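K.L.:
Just passing along the structure, written as structure tokens.
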Amino acid sequence: MKKAYNILLIALGIVVLSWFLPWLYSIVFPTAASDPFVAYSPVNDRMIVSETGDDKNLAIYSLDADGNREDGSYTKEQRDSLLPQIYYTQLMAREALPDTIAGIEVGVAAFKHSQWVFSALPRDINKVMPEVYLMMESMPARIDLEDPKEVFRFRDGKVEFIDMETNAVIEGRSKRFTDIFNERGFALPMRAYSANITSRKPYDEGYLMVDANGDLYHTKMQAGRPYMMKVNKPDSVNVAHVYIMENIDNRHLGIVSDENHNLYVLERAGYRLIPLPVGKVDPEKEKISIVKNIFNWVVKVTGPEGVRWTALDSDDYHRLASYSKTYTESASQKAATYIFPYELSFTSVSDCYASPRFEYFSWHAIFLNVVLAVILFVVYRRRGRVAPCIAACSVITLIFGIFAFIPLIIVKN
Amino acid sequence: MEKALIFKEWVKTRMVFFISLALAVCVALYAVLMMKRLIELKGVDHLWLIMLLKDNSFIDIIKYVPLVIGLALGVAQMAPEMAQKRLKLTLHLPYPQGKLVGLMLLTGLVELLVIFVIQALIIGIYDASVLPSELVWRVMLTTLPWYFAGFTAYLFVTSICLEGTWARRVILALLGIAVLMIFFLQPALEAYNGMMLIILITTLLLTILSFGSIARFKEGRQD
């Protein structure tokens, strides 16, 4: 029992220190990375970057077609004129807003009506979702949208609607929705879904749902009756994640990603699924944000390694320009790779789960591990430990480094 | 002999057991009353909306209660053994030591289990009357790591109390604080679902600490 006690104490010490020491290190030596603001100018057809440098001064410059910085820089006023779709209020104040830009008639109303922002975080999908789903009425009798009064769930291959007030199953609605799900060929279990449940929006489009086969469906409740459409798509597209959009311009129904990490936009008219030429995107690991205006989209994809921007044409989504930036390790992060052989964490910024994750394995730490193992070897010999114990503890220190060295030195018996 | 030993543990802990039970029941009833109040003021659909859209379980108030109860029961059961030097006497009873320590721990763990089950039943039964089973399970699974934190706190406290040296007590206390922090790192609902097996195994292994402390005590490692 005593042996088990000592092993447990050392094991707990290693686990706790593997988590605690890197965390303490990150607190003592904080690192912060800020991304520049990147937009695409319809005036000079260049990406315009606004970046705060190490000297805390704002630098505004343009990029060439290959994403390289061009000579010269701009003032804020020049940037206003280059990006009228963003700084139109400034231009209006200076009476410098042109009537047409790139052959398109513009004005404050046109800018406002055509702009929206989309954002999707890995945390939004990497979490345990409730298995009941709120359903709004898309065609309310009083025109204004109301908070939902019903939820639905999948049970025994059927759709079951429950009245929230009574917590009782609504038989008629359940049957009607079950029938349409069967007619459209929806295969359970549902793989992914997206809905924007709020009455503070211009209209309701219900749910985008992905079935077990990776097929995409649009479902909503209109005047209490089900509406369901299957989106036509190539067989090669196996949908993984969906994000519904209910923007004021009414053109797009959602953003879709497939299992091969391609990104698509789903247009409302004809349920057209159109690929976006932004490279591979993994919504489970990368943050996606889209800033759309009358001229273009700027799609920003932020991952652990770096960030990249792609400007797309607003009409046909062809690529206009792209730019990427790789995050570099700070001196303290580099130093950490020589101290810690790995890092243990129980939470992550990209999900809402608690689970042990061993990350950032580093071979650089082997040098410190060897030194610590030798010190431990000498100390244990002086303490008169038996040879197998010395050998085992030295090997453990060689593997777990400082995380094992500290408990093995402190726990003397 | 077993009955006498269990009775001895019961005598030591009954006061704290009933206070803890009252605390657990009161906090659970308070959480239920808060939900009832919300339903009366804004309707039951408002409760559902907040649960589904804001990821609110309405039982955050009970979060640290099992932890406090685990600490209190551990101290009430084991501190008198050390403070009044009764442990030596206990260890000289004509009964196998392993079984003796096991029986002491089992008594405390069962008392905790009773308190936690009663509290969980109050919340679960009320939730089941106003919510669908999916949401009831969601709430109950969210509370599960908090209850395991209670067992873990109890097991660390017993090992600290039974330990004879202050240096080792400090090490055990620091380890205990760090391990208990893990149970409260992620506030999202059902965040610990994937870790429950690890938590269960770790909790079972932590019983070894008390046996180890007793073994060290018998070897004469005392300050």
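K.L.:
Please report the relative contact order for chain A, taking Cα pairs under 8 Å with a sequence separation of at least 6, and give it as a percent rounded to a whole number.
P.N.:
That works out to 14 percent.
K.L.:
Treating only the Cβ atoms of Lys and Arg (+1) and Asp and Glu (-1) as charged, compute the dipole magnitude of segment A:93-136 about its Cα centre; round to the nearest 20 debye.
P.N.:
That gives segment A:93-136 a dipole magnitude of about 200 debye.
K.L.:
Please go through segment A:279-360 and write out the trypsin sites (Lys or Arg not before Pro) that DSSP classes as loop and that have at most 12 other C-beta atoms within 10 Å.
P.N.:
Those satisfying the criteria are A:Lys280.
K.L.:
Stretch A:His318-A:Lys230 to full length: gain in nm at 0.36 nm per residue minus the Cα-Cα span?
P.N.:
Difference between extended and current length: 29.1 nm.
K.L.:
Charges only on Cβ, +1 for Lys and Arg, -1 for Asp and Glu: so what's the dipole of segment A:224-293 about the Cα centre, in debye to the nearest 20?
P.N.:
Here segment A:224-293 has a charge dipole of around 240 debye.
K.L.:
Cut-off under 21 Å on the C-alpha distance; same-chain residues fewer than 8 positions from A:Lys2 excluded. Which lysines are left, in chain and number order?
P.N.:
A:Lys412, B:Lys88, B:Lys99, B:Lys218
K.L.:
Right, here's the next one. Would you be so kind as to identify which of A:Tyr264, A:Pro42, A:Asn296 lies farthest towards the positive end of the dipole of chain A, taking Lys and Arg as +1 and Asp and Glu as -1 on Cβ and the Cα centre as origin?
P.N.:
Result: A:Tyr264, furthest along the dipole toward the positive end.
K.L.:
Straight-line reach only, C-alpha to C-alpha below 27 angstrom: list the lysines that B:Lys42 could link to, leaving out same-chain residues fewer than 8 apart.
P.N.:
Candidates past the 8-residue exclusion: A:Lys149, A:Lys201, A:Lys220, B:Lys54, B:Lys63.
K.L.:
Calculate the all-directions average of the projected area of the protein assembly as shown's alpha-carbon convex hull, and give it in nm².
P.N.:
Average of the hull's projected areas for the protein assembly as shown equals 36.8 nm².
K.L.:
Could you please tell me the mean projected area of the C-alpha convex hull for segment B:39-101, averaged over all directions and given in square nanometres to one decimal?
P.N.:
Over all viewing directions, segment B:39-101 projects a mean Cα-hull area of 7.8 nm².
K.L.:
Which one of A:Gly206, B:Met82, A:Val307 has its Cα pushed farthest toward the positive end of the charge dipole of the protein assembly as shown, where Lys and Arg give +1 and Asp and Glu give -1 at the Cβ?
P.N.:
Highest projection toward the positive end goes to B:Met82.
K.L.:
A follow-up question, please. So, in nm, how far is label B:Met34 from label A:Lys412 when the simple model puts each one 7 Å beyond its Cα toward the Cβ?
P.N.:
4.8
K.L.:
Which of the lysines could be linked to A:Lys300 by a straight reach, that is with a Cα gap under 16 Å, when you skip same-chain ones fewer than 8 residues away?
P.N.:
Filter leaves A:Lys280, A:Lys285, A:Lys287, A:Lys292, A:Lys325.
K.L.:
Suppose each label sits 7 Å from its Cα in the direction of the beta carbon; what would the B:Leu204-A:Ala187 distance come out to in nanometres?
P.N.:
Going by the 7 Å Cα→Cβ label model, 3.8 nm.
K.L.:
Kirkwood Rh, Cα Rg: Rg to Rh for segment A:37-114?
P.N.:
Over the Cα atoms of segment A:37-114, Rg/Rh equals 1.00.
K.L.:
Take the alpha carbon gyration tensor of segment B:178-223, find the square roots of its eigenvalues, order them as a ≥ b ≥ c, and report rounded if a/c is under 1.5; if not, report prolate when a/b exceeds b/c, else oblate.
P.N.:
oblate
K.L.:
For segment A:27-121, which trypsin sites (Lys or Arg not before Pro) pass both filters: DSSP loop (anything but H, G, I, E, B) and at most 13 other C-beta atoms within 10 Å?
P.N.:
Filter output for segment A:27-121: A:Lys56, A:Arg94.
K.L.:
How big is segment A:116-292 by the Kirkwood estimate over distinct Cα pairs, in Å?
P.N.:
In segment A:116-292 this quantity evaluates to 16.8 Å.
K.L.:
Please report, in debye to the nearest 20, how large the charge dipole of segment A:116-292 is about its Cα centre when each Lys and Arg carries +1 at its beta carbon and each Asp and Glu carries -1 there.
P.N.:
280
K.L.:
Right, another one. Between A:Ala335 and A:Lys112, 0.36 nm times their residue separation minus their Cα-Cα distance comes to what?
P.N.:
75.4 nm
K.L.:
Now for a separate question. For segment A:50-64, in order, what is each residue's ³J(HN,Hα) by Karplus, 6.51 cos²θ - 1.76 cosθ + 1.60 with θ = phi - 60°, in whole Hz (x at glycine and Pro)?
P.N.:
10, 9, 8, x, 4, 7, 6, 9, 7, 10, 10, 8, 10, 10, 7
K.L.:
Further question: Calculate for chain A the 222 nm mean residue ellipticity that helices alone would give, adding -39,500 (n - 2.57) per DSSP H run of length 4 or more and normalising by residue count, nearest 500 deg cm²/dmol.
P.N.:
The per-residue figure over chain A is -8500 deg cm²/dmol.
K.L.:
Hey, got a sec? Which GluC sites (Glu not before Pro) in segment A:59-160 land in a DSSP loop and have at most 15 other Cβ atoms within 10 Å?
P.N.:
Counting only loop positions with at most 15 other Cβ atoms within 10 Å, the GluC sites (Glu not before Pro) in segment A:59-160 are A:Glu70, A:Glu95, A:Glu146.
K.L.:
I need the Debye-formula profile for segment B:2-218: one equal scatterer per C-alpha, no solvent, reported as log10 I(q)/I(0) at q = 0.08, 0.09, 0.13 1/Å, two decimals.
P.N.:
Here log10 of I(q) over I(0) equals -0.33, -0.41, -0.76.
Every number in this text was worked out from the coordinates using simple rules, so none of it is lab data. Quick caveat: nothing in here was measured; it's all calculated off a predicted structure. Every residue, glycine as well, gets a Cβ built from its backbone with ideal geometry; the counts of neighbours run over all protein chains shown.
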